[in-house]
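**Q** Got a structure here, written out as structure tokens. Questions coming.
The values are calculated or read from the model by the stated rules, or taken from the named source; none is laboratory data. Please read these numbers as outputs of a predicted model, since none were measured by experiment. Using ideal geometry, Cβ is built from the backbone for each residue, glycine included, and neighbour counts are taken over all protein chains shown.
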Amino acid sequence: MPVLDFDRIAVKLSSRFARHGRINPWPSIGHSPDCSSRSRGAIRRFSLCRLPGSQIKTVRHKPHYIRHLIHHFQPLDDYEESNLKFWIDHPDKGLKMTVVLRHLLGYDDINNTAASPKPSIAKFLGHDIGKGIPESKMRDVRFLSIDVDGLDGHGRIPGHFSLGVSILDTQTLHALARGSGTAKPESRIIESHHFVVKCWEPSYQPAKDKFLFGLPETVSIHELRVKLGEMISHRDVVVLCHSSKTESKILRDLEIDLFPKYTLDTAELYKMQDGTSTTLGNLLDMVGIMHAIKDLHVAGNDANFTLRALLLLAVRDAEYQCQLDADSVLPYWISTFEAVALWLSEDELKRGIRNRREERTKEREWQMELRQQSRSQEAGRFEREDKGEVDEDEGGADEAV
């Protein structure tokens, strides 16, 4: 498999920018194009070219536009062209997922022109995803966010475990964004479930107060298969996870096939935007979704939070593209996505208030305990002084003070 020599191509492209009067494509973050230690992931995220009659394109957002370099600039040599072609034809997960997400939510043509049209998703993936929604560029799909918790350290299935599922239809999103009278409000647009799956511990009872979006449901593996089958019935499903290896393995082990048209991973999508891997908790902090630490690692909560994070990642991606062109227009659903993603349920609000009260109560109790300890020490010292039993060390310390 050829390895793309980004340092070599970056230096050549940088010199071409100077000759053609293009803007400097390298962000001012203390790096230079000839930095030999520049990694493949770092260069991939930087702006590489301004195409004639188009806007700034970036490798991380528009990998297919790199093909135009061969036509608009002096051609690369055979080594560079073969490596570049291989990398474009075999993009990494984050690149591919970003292109698919844009197609699903209908904002893959923000910066496209007649000279540089958007790619065919059918050619990109080998198949299309979902039908079009009338009066919208979105695709008619159902996002199914999955999270699994309660496994042992080796990913094996224990006596019981939790599986969280959150559901969001693009049809519902479109109706809400367009202000349809039949649209669900933000509070009910995401449907969340927390399944406690009992394998061989039927006496296990889940904690009911940890799931923020309803009550947990205790099911057998067979009942879980039936419920998941009902969720995906007659729909084009896109599965969503955060670091999806565990969820994929568990579903295979349980012989559950969701027949997804595609699988998205918020960890990979975030990595494409910021260049680093992150946990779900850190991702929520980055995109501004309020949460408590103890609310995480609850399967139903994590599935819901992951779906919300996806909406805000799409908002960030669309806003980034519009910054590249003053004439481009943000998608009509930006404010709707933000409202849905940042909405807090009544349970969340109560949980947040309760958490703050608990923290204040613990702080007060800790302060009172310190005061009581100080008072008891003072009282004991005074008693010893009255009896003439003050230690020499204490007396010396008092004199020193």
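**Q** Considering only region 212-231, I want to know if a residue exists there that is crowded, with 20+ Cβ neighbours inside 10 Å, modelled with pLDDT of 90 or more and within 27 Å of Ile334 (Cβ to Cβ).
**A** No, the conditions are met nowhere in region 212-231.
**Q** Residues of region 119-150 being of a type in the set (A, V, I, L, M), modelled with pLDDT of 75 or more and closer than 14 Å to Thr263 by Cα, which ones?
**A** If the condition is that a residue be of a type in the set (A, V, I, L, M), modelled with pLDDT of 75 or more and closer than 14 Å to Thr263 by Cα, then Ile129, Val141, Leu144, Ile146 are the ones that fit.
**Q** Can you say whether Asp274 is more than 19 Å from Ile167 (Cβ to Cβ), out of contact with any helix residue (DSSP H, G or I) (no Cβ under 9 Å at 6 or more places or on another chain) and loosely packed, with under 15 Cβ neighbours inside 10 Å, as far as the supplied structure shows?
**A** Answer is no for this residue.
**Q** In region 275-330, what residues are at pLDDT below 90, more than 26 Å from Val148 (Cα to Cα) and among the aliphatic types (A, V, I, L, M)?
**A** Of everything in region 275-330, those that are at pLDDT below 90, more than 26 Å from Val148 (Cα to Cα) and among the aliphatic types (A, V, I, L, M) turn out to be Ala318, Leu324, Ala326, Val329, Leu330.
**Q** Just checking, does region 221-233 include any residue being basic (Lys, Arg), touching a His at 6+ places or on another chain (Cβ under 8 Å) and in a helix (DSSP H, G or I)?
**A** Among the residues of region 221-233, at least one is basic (Lys, Arg), touching a His at 6+ places or on another chain (Cβ under 8 Å) and in a helix (DSSP H, G or I), which makes the answer yes.
**Q** Quick check: anything in region 261-278 farther than 24 Å from Leu125 by Cβ, in the same structural domain as Ser233 (by TED's automatic domain parsing) and not polar (S, T, N, Q)?
**A** yes
**Q** Continuing with the same structure: Just wondering, is there one or more residues in region 313-327 that are under 18 Å from Phe211 (Cβ atoms) and touching a helix residue (DSSP H, G or I) at 6+ places or on another chain (Cβ under 9 Å)?
**A** For region 313-327, residues under 18 Å from Phe211 (Cβ atoms) and touching a helix residue (DSSP H, G or I) at 6+ places or on another chain (Cβ under 9 Å): absent.
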